[in-house]
Amino acid sequence: MVPSLPSCGRKGGRTGNKISGDFHFGPDGTFTLLQFTDTHHITGDSRSQRALDCVNEALDAVKPDLVIHTGDILFGRPDIESALEILQPLADRHIPFAVALGNHDAQFGSSREDVFQAIRNLPGCVNLAPKEGVYGFSNDVITLSGASGVERVFYLFDSMDAVVLPGEEKRHCYDYIRHSQIAWYRSHSEAFREANGGVPVPSMAFFHIPLCELKEALDAGVQPIAGNNCEPPCPSRLNSGLFAQFREMQDVQAVVTGHDHDCDYVLPWGGLHFIYGRYSGGDTVYNHLGRAGWSEQKISGTRVFRFREGVPGYETWVRLLGGEEQQRLSL
């Protein structure tokens, strides 16, 4: 096993190859990670009440050891206040958390850097300062250790917003994971593998905008093994090769995203799983998922991951607002 790595400080300027936090299994040998995504919160807007209810209820019911929010935290002015209000319940409960910013998180006045810094200042946030020479802001590495060392690595990537392509100024294109981010990931992956005697350390990747290969899988006729597929995926039109790097490094077992509000499914492809979180927001943006697919009775929710010390694989399921659990899988 990889020796445990110490948690690193969060103050100062841009950081290098540091670990955002090293977490440990509990006394019962388990570790629970809760994913929020697409809360699209607006302070003072009654349409956001369901998002607040979803966050508060899930935290109290699941009692996670770590929360990862995969972006589109906010959706209006006042933007920083909106982001802080929807994340404050985590700070109030002393639950550590990290964010992978979404495409809407810097569209309402404040810069992406200012939004990210404000979130980092919340108690419990483990995101480090942006990395020197690495594209974006919310790129982070989190480890989960057992008695013998690191058993899991969680990579957070900033998938940013949109990119304007020369000659295609009027055609929308979501941004993509850049080569500097891929090099940053590979440097960590190689270091973990070397410390683990040449064996890849099981990992997961969290970011907002899904990869092109998800659409490729669906176009090839691959069906989800669980969950709702109620809209086409909306990845970037550009493929920078991150998926190929995951295959080459042989460590990332799941790519966990948000972005597409009417999807919460799990789909196998190319030796790993594409996993959507459950839409966690209210009615500030489109959403149509209910208890069983598209519905006028919309129900927000969260995705839960549970890991067991010394046990390969993990469990995952969706928890709906109100307490119902769906899609319980062992992967």
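Looking only at the range 275-331, residues that are over 27 Å from residue 85 (Cα atoms) and among the small types (Gly, Ala, Ser) come to 6 in all. The numbered conditions (1) free of Cβ contacts under 8 Å to residues at least 60 places away in the same chain; (2) part of a loop (DSSP other than H, G, I, E, B); (3) within 19 Å of the chain's Cα centre (by Cα) are all true for residue 235 except (1). Screening residue 167 against (1) on the phi < 0 side of the Ramachandran plot; (2) part of a loop (DSSP other than H, G, I, E, B) leaves a single unmet condition, (1). For beta carbons closer than 7 Å, sequence separation of 6+ or different chains, a first residue in the range 189-214 that is closer than 30 Å to residue 173 by Cβ and a second that is surrounded by fewer than 21 Cβ atoms within 10 Å (Cβ to Cβ) and of a type in the set (S, T, N, Q), the qualifying pairs are 203/253; 204/253; 208/103; 209/103; 209/236; 212/236; 212/239. On the basis of being within 26 Å of residue 46 (Cα to Cα) and either buried (at least 17 other Cβ atoms within 10 Å of the Cβ) or out of contact with any Ser or Thr (no Cβ under 7 Å at 6 or more places or on another chain) (or both), does residue 62 make the cut? Taking the combined requirement at face value, the residue satisfies it. For residue 12, are the conditions met, namely being modelled with pLDDT under 95, farther than 29 Å from residue 210 by Cβ and of a type outside the set (A, V, I, L, M, F, W, C)? Against the criterion (modelled with pLDDT under 95, farther than 29 Å from residue 210 by Cβ and of a type outside the set (A, V, I, L, M, F, W, C)), residue 12 qualifies.
Candidates 143, 39: the one that is buried (at least 24 other Cβ atoms within 10 Å of the Cβ), among the β-branched types (Val, Ile, Thr) and assigned to a loop (DSSP other than H, G, I, E, B) is 39. Restricting attention to the range 67-96, the residues being touching a residue at least 60 places away in the same chain (Cβ under 8 Å) and either touching a Gly at 6+ places or on another chain (Cβ under 8 Å) or part of a loop (DSSP other than H, G, I, E, B) (or both) number 6.
The values are calculated or read from the model by the stated rules, or taken from the named source; none is laboratory data. Just so you know, these numbers come straight off a predicted model, no measurement behind them. Don't worry about glycine lacking a Cβ; one is built from the backbone with ideal geometry, like all the others, and counts go over all protein chains shown.
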